[in-house]
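For reference, the structure discussed in these notes is given below.
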Amino acid sequence: MAQYRVAVIGGDGIGPEVCDEAIKVVRAAGVDLVTTDYELGAAHYVKTGEVLPTGLVDELRTFDAVLLGAIGPAIGSTEVPSGILERGLLLPLRFQLVLYINMRPFNGVPGAIAPECDFIVIRENTEGPYVGEGGQLRRGTPYEVATQGSVNTRHGVERCVRFSFELARSRPRKHLTLVHKTNVLTFSGDLWQRTFEEVAQEYSDVETAYNHVDAACIYFATDANRYDVVVTDNLFGDILTDLAGAIAGGIGFAASANLNPEKTGPSLFEPVHGAAHDIAGKEMANPLAAIRSAAMMLDHLGESEIAKKITDAVLTFGSEMAASGTSMTTSAIGDAVAERL
């Protein structure tokens, strides 16, 4: 088996704890993982005033993958300006490493709103409102103006849509739903819908559907089993996947991959949950999302068989834990999943 070099950004709060469990499970599965830790995030910013060190992105490009725990200050903290970590760290990593696919799988657990759901949301990860187009005029006055543009390119939309069709084709149901707001966002929505329909002509074996984003919110909560693969833009995907985490059993089960599908650089894998400072250091964090994110990392690196074993172990154990109402420590959960391998 090949050896893999992984950059680990544990980050803040429970981030380092869940990363430790993910690494433990990967190694228990027999993968030769060599890790290098990087101290980044809110605590690092408060201590050093530094968000993204010069040259770090180039250094990360030398790794096979990046595993990230969580980034963010404690709720109510005033030491870290709002948005500085997102715009100064997370988004630059996505943009500069060309991580244009954000993949988030959702499988229900007993007791969840949608206990039998099994779908994946593909979120375009490098365009939309998050590119930072816009500005403010007369800030702080009664006549203040703020604009925030949404940038959508045919290139960016098509590569995301095409990836989604390929993914849908690989799954048993072969179904892909586009989610947007074409009736109001008539420029960006038109680009997304035309691109989707044109690419669909190449995938006659994939059934397609369209939902407005507000309708999708209702269906996620009331009929999530209708979905197989969902593709949407950056902002809608950000919001919908938090909702999906809630209906599938909680954000503690939600994993994600920020992918560079062409593998011209490393991809980044992280649980969807935040830093949860209130339970940090108390052995209360659920590491299953981080462990599943690590399994997605292995799948991307070509270790699909091992990735499936870890994913199956996570899903089985997570369902058993949810059904029984069992409460376990962070490390005990990691140990239990590792033992199943």
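None of the figures in this text is laboratory data; all of them are computed from the coordinates on show. Bear in mind that the values here come from a model prediction, so they are computed numbers and not experimental data. Ideal geometry is used to build each Cβ from the backbone, glycine not excepted, and the neighbour counts take in all protein chains shown.
Assuming a ≥ b ≥ c are the square roots of the Cα gyration tensor eigenvalues, decide whether the chain counts as rounded (a/c under 1.5), prolate (otherwise, with a/b larger than b/c) or oblate. Rounded is the answer for the chain, as its axis ratio a/c remains below 1.5.
Using the alpha carbons of the range 113-247, what is the convex hull volume per residue in cubic angstrom, as a whole number?
With only Cα atoms used, the range 113-247 gives 119 Å³ per residue.
Helix content alone sets the calculated 222 nm mean residue ellipticity of the chain: runs of n ≥ 4 DSSP H residues at -39500 (n - 2.57) each, divided across all residues, give -12000 deg cm²/dmol.
Distance between the 7 Å Cα→Cβ label points at Glu305 and Asp335: 3.0 nm. When the Cα gyration tensor is reduced to axis lengths a ≥ b ≥ c, the ratio a/c is 1.5 or higher for the range 230-322, and with a/b not above b/c it is classed as oblate.
Straight-line reach from Lys24: which lysines have a Cα under 23 Å away, not including same-chain ones fewer than 8 places off? Reachable lysines: Lys282, Lys308, Lys309.
For the range 257-273, list residues with backbone N below 16 Å from a point placed 7 Å from the Cα of Ile75 toward its Cβ? From the range 257-273, the list is 273. In this label model, Asp278 and Ser324 are separated by 2.7 nm, measuring between points 7 Å along each Cα→Cβ vector. Cβ-Cβ distance of Arg169 and Arg27, R₀ of 22 Å, FRET efficiency by 1/(1 + (r/R0)^6): the value works out to about 0.10. Label separation (Lys47 vs Val151): 3.3 nm, computed from points 7 Å beyond Cα along the C-beta direction. When the chain is treated as a Gaussian network with alpha carbon springs shorter than 10 Å, the biggest mean-square fluctuation among Ile291, Ile310, Ile279 belongs to Ile279. What residue among Ile279, Val26, Thr208 has its Cα farthest toward the positive end of the dipole of the chain, where the charges are +1 on Lys, Arg and -1 on Asp, Glu, each on the Cβ? It is Thr208. Work from the charge dipole of the chain (Cβ charges, +1 for Lys and Arg, -1 for Asp and Glu, about the Cα centre) and give the residue of Gln96, Gly250, Gly55 farthest towards its positive end. Of Gln96, Gly250, Gly55, it is Gln96. Highest GNM mean-square fluctuation among Tyr210, Tyr143, Tyr130, for the chain modelled with Cα contacts below 10 Å: Tyr143. Taking packing as the residue-averaged number of other Cβ atoms within 10 angstrom, the listed peptides 56-62, 12-18 run from highest to lowest as 12-18, 56-62.
Note on the chain: with charges restricted to the Cβ of Lys and Arg (+1) and Asp and Glu (-1), its dipole about the Cα centre is near 300 debye.
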